[in-house]
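The values are calculated or read from the model by the stated rules, or taken from the named source; none is laboratory data. All of these numbers come straight from a predicted model, not from anything done at the bench. Here the Cβ positions follow ideal geometry from the backbone for every residue, glycine too, while neighbour counts run over all protein chains shown.
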Amino acid sequence: MRHTISVMVKNQAGVLSRVSNLFSARGYNIDSLVVGVTDDPKISRITIVVRGDERIIDQVEKQLNKLIDVIKVVDLTHDDFISRDLALIKVKAEAHTRSQVMEIVQCFDGKIVDVALKSFIIEVTGKESKINAMVELLKNYGVLEMVRTGEVAISRGKKVHEEEGPKVKMRAGKAGQANL
Amino acid sequence: MAKNKLKTGAQMVVDVLVDEGVDILWGLTGGAILPVFDALYQNSDRIKLVDTRHEQGAIHMAEGYAKATGKVGVCVVTSGPGATNIVTGLTDAYMDSVPLVAITGQVPSHLIGTDAFQEADVVGITRSCTKHNFLVKNIQELPQIMRDAFFIARSGRPGPVLVDLPKDIAAASAEVAIPKHASIPLSKFVPTPDFNEIAKMAELIKGAKKPLIYAGGGVINANASEALYKFARKTNIPVTLTLMGLGAYPAGDRQFIDMLGMHGSYRANMALTYCDLLIAIGSRFDDRVTGKLSEFSPHSKKIHIDVDPTSIGKNVKVEAHTLGDMNTILAALTKQSVSKEYEGWYDELDAWQKKHPLAYQQNPGGKVLPQFAVDEIYRLTKGDAIITTEVGQHQMWAAQFYKFNKARRWITSGGLGTMGFGFPAAIGASFAFPDATVIDIAGDGSFQMTMQELAVMKEHDLNVKVVVLNNKFLGMVKQWQDLFFDKRYASTSIPVQPDFVKLADCYGIKGYRAETPRETTQVLAEAFKIKGPAIVEIVVDEEEHVYPMVPAGAANKDMVLSKEEDRAQAMAAMKLKLKGGRK
């Protein structure tokens, strides 16, 4: 099954590498991985779309949690969440097809952000499936180039890394506490 | 004049080491780490630095020390090749959960990324074989990083932490206070036990007729041997241990049924197969224990107690589990658990033991059997020695025939299976317990991988005995070739070898050699009598195999128990082939 996992990490050099390394070292498959800073500049948020059965997803979550720079891992899949993908698509638009392409863009709530003699660049956001559908249609006219961000996601209402705070009481680590 | 509180980065490193209780570390110097070695030199009254001949030696010594004491082992090496030479040791420590801090020199900050002399991307290289690693970016963060490194290494499931320290930062001076605490909460590593699950476990134990405790190295890491003993004795449940767990439960106890797994006892593996409740404590259902997963302990419900969340449900589904401090969990579980006789179950275990005990037949006039040699080591040291091993057949024989009644007496490379581990590990353990007899039970192949550290053993006059069970083969691989590759000994025969007695002599160490059972007893007794380093070479029967053996990918109950049985199976396979004819 496809899972959307949100990972809060310390905004530090090497963190992304640690996360992606974990996936490659343990053989988990990533569909997409997006990283960006949060409202707190010290924290970044990585959104990972990963496929696997329950056991694999469970391991992914636990292994991520073990990384020192990871603050919080939430599998959004079980929550009510909003996910969006953004695509920039360069599509052929010749004189006789222009209006048809524009119609498609309108249907999908996209925007034409650049117009050239024989092509458009279209910007569109939405769920992955919506963008896929649009791309399928545009292929009939000739997609010249495309770039997509991958999925970013956020749960409705609550703020995941506050309200679902850690079950255990936080205790500052002391030096000299052996073997816990 | 105002008091100058400026300190170099190197001095800060030493100060944190001292504050963390480090009184010994192992290393090999070089250009980029020079400032740190200079600071260590100036603080030699506070910390003992042992110079090794190879960085791999340094890190395995730190591991041996850590495994023998439970404290964090420390090694310090230079950049580039110095750092890459410890990668095997880091991986070994990561697999076997050994608390370790490795400090590596790095080229000066402004040269990083320029392919400078002796530059390597050490944090990149070691990212997947350390619990965590740091590249120090400025001197301000150095003391906190050092503090965190120790905290991470020892907390929860222990592991190696690497600090990569650029030369300019080690040499720079600043006024930075040394923080008292780590910047990470302990809860990151030690979850709180779930007492509902513990109650559920007690219920499962109550309903069980054939329960079995399967404990591992996690018990030793948590210093919970005592708690395990109390739990087992109160409940009267039989105990088997993993390779890493040996010593966690006294081998002389009537409830102990020997090691389990690929080369475990018949009794233990049959118990594993036929138990109705399996209680895993500080063990991780490793493939060498489970054998064929789909047929692993098919009749049992399973309980898992550990400190590492990722160990739960990784390979095997369990009915009840809890995470956290093992002493707390075991104490709670002991309190709630019932005590029963399990008469029928113990009868079954006895019958299995009677049918196929761990045994060997030493012919007094014949070649020395390696099992006999291990048995003699056990008898002569009265089970009081610290035993380290290399990796291979000798390791399994040591595990089978040396009986450990206490934890931290058995030091072996389990997860990674690092040949060359045992000798430097013995040196590390000997520094921790200078009066103890530390014995590296070695194979001829493994010992030759790290034997340059003989110089360290001599220099510090350590009470370490290297017992080389010499069969002039990489024996374990040969065993597989015997069984599965029609005796084609590709690259396993190593006929050209040093004269180990002369080798000892050229280092100024006592050397012994035995070729018969009688000589074996004699030279071992002699070597153990005098304090100090020695090499004992025992020429053993190269045809001997380790049994029982669960062939890789087979179910535990399908152990091969003897060569005769091997032959019978081979014949059967051959017949089948002939019947099939040519295709």
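Every residue in the range A:39-56 that is under 22 Å from A:R26 (Cα atoms), outside any loop (DSSP other than H, G, I, E, B) and touching a helix residue (DSSP H, G or I) at 6+ places or on another chain (Cβ under 8 Å), please.
A:I46, A:I48, A:V50
For residues that are farther than 18 Å from B:I439 by Cβ and within 28 Å of the chain's Cα centre (by Cα), tally how many sit in the range B:508-524.
Number satisfying all stated conditions: 0.
Could you please let me know if B:A66 is part of a helix (DSSP H, G or I), within 14 Å of chain A (Cβ to nearest Cβ) and more than 26 Å from B:V176 (Cα to Cα)?
For B:A66, the condition - part of a helix (DSSP H, G or I), within 14 Å of chain A (Cβ to nearest Cβ) and more than 26 Å from B:V176 (Cα to Cα) - is met.
For residues that are touching a residue at least 24 places away in the same chain (Cβ under 8 Å) and of a type in the set (D, E, K, R), tally how many sit in the range B:349-400.
Counting residues in the range B:349-400 that are touching a residue at least 24 places away in the same chain (Cβ under 8 Å) and of a type in the set (D, E, K, R) gives 6.
Could you identify the single residue in B:Y249, B:Y214 that is in contact (Cβ under 8 Å) with a residue 60 or more places away in the chain, buried (at least 23 other Cβ atoms within 10 Å of the Cβ), more than 14 Å from every other protein chain (Cβ to nearest Cβ) and touching a strand residue (DSSP E or B) at 6+ places or on another chain (Cβ under 6 Å)?
Selected residue: B:Y214, the only one of B:Y249, B:Y214 that is in contact (Cβ under 8 Å) with a residue 60 or more places away in the chain, buried (at least 23 other Cβ atoms within 10 Å of the Cβ), more than 14 Å from every other protein chain (Cβ to nearest Cβ) and touching a strand residue (DSSP E or B) at 6+ places or on another chain (Cβ under 6 Å).
Filter the range A:17-68 down to residues that are crowded, with 19+ Cβ neighbours inside 10 Å and touching a residue at least 60 places away in the same chain (Cβ under 8 Å), then give me how many there are.
Of the residues in that region, 2 qualify.
With the requirement that a residue be over 24 Å from the mean Cα position of the chain (by Cα) and hydrophobic (A, V, I, L, M, F, W, C), what does the range B:203-231 give you?
Correct list: B:L204, B:I205, B:A208, B:F231.
Just to be sure I understand the filter: pairs with C-beta atoms under 8 Å, separated by 6 or more residues or on different chains, first member in the range B:170-182 and in contact (Cβ under 8 Å) with a residue 60 or more places away in the chain, second member in a loop (DSSP other than H, G, I, E, B) and of a type outside the set (A, V, I, L, M, F, W, C). Which pairs pass?
Cβ pairs passing all conditions: B:E175/B:K5.
Which residue is surrounded by the most Cβ atoms within 10 Å (Cβ to Cβ), if the candidates are limited to the range B:105-136 and must be among the charged types (D, E, K, R) and either farther than 24 Å from B:Y94 by Cβ or more than 9 Å from every other protein chain (Cβ to nearest Cβ) (or both)?
B:E119
Quick check on the range A:5-27. Is at least one of its residues assigned to a loop (DSSP other than H, G, I, E, B) and among the charged types (D, E, K, R)?
no
Filter the range B:297-334 down to residues that are charged (D, E, K, R) and more than 18 Å from B:T192 (Cα to Cα) and give me whichever is nearest to the other protein chains (Cβ to nearest Cβ).
B:K314
Residues are listed down the side, and each one gets a yes or a no for (1) touching a Leu at 6+ places or on another chain (Cβ under 6 Å); (2) buried (at least 21 other Cβ atoms within 10 Å of the Cβ):
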{"residue": "B:F285", "(1), (2)": "no, yes"}
{"residue": "B:S294", "(1), (2)": "no, no"}
{"residue": "B:K301", "(1), (2)": "yes, no"}
{"residue": "B:K314", "(1), (2)": "no, no"}
{"residue": "B:L358", "(1), (2)": "no, no"}
{"residue": "B:P364", "(1), (2)": "no, no"}
{"residue": "B:L380", "(1), (2)": "yes, no"}
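Test B:G264 against the criterion of being in contact with a Lys or Arg (Cβ under 7 Å, 6 or more places away or on another chain) and in contact (Cβ under 8 Å) with a residue 24 or more places away in the chain, and give yes or no.
Against the criterion (in contact with a Lys or Arg (Cβ under 7 Å, 6 or more places away or on another chain) and in contact (Cβ under 8 Å) with a residue 24 or more places away in the chain), B:G264 does not qualify.
Give the residue, chosen from B:L28, B:L17, that is in contact with a Lys or Arg (Cβ under 8 Å, 6 or more places away or on another chain), within 26 Å of B:F423 (Cβ to Cβ) and not aromatic (F, W, Y).
Answer to the selection: B:L28.
Could you tell me whether B:Y507 is crowded, with 20+ Cβ neighbours inside 10 Å, at pLDDT 95 or above and within 10 Å of B:I535 (Cβ to Cβ)? Full working, then the answer.
Numbers: crowded, with 20+ Cβ neighbours inside 10 Å: no; at pLDDT 95 or above: yes; within 10 Å of B:I535 (Cβ to Cβ): yes.
When the stated conditions are applied, B:Y507 does not pass them.
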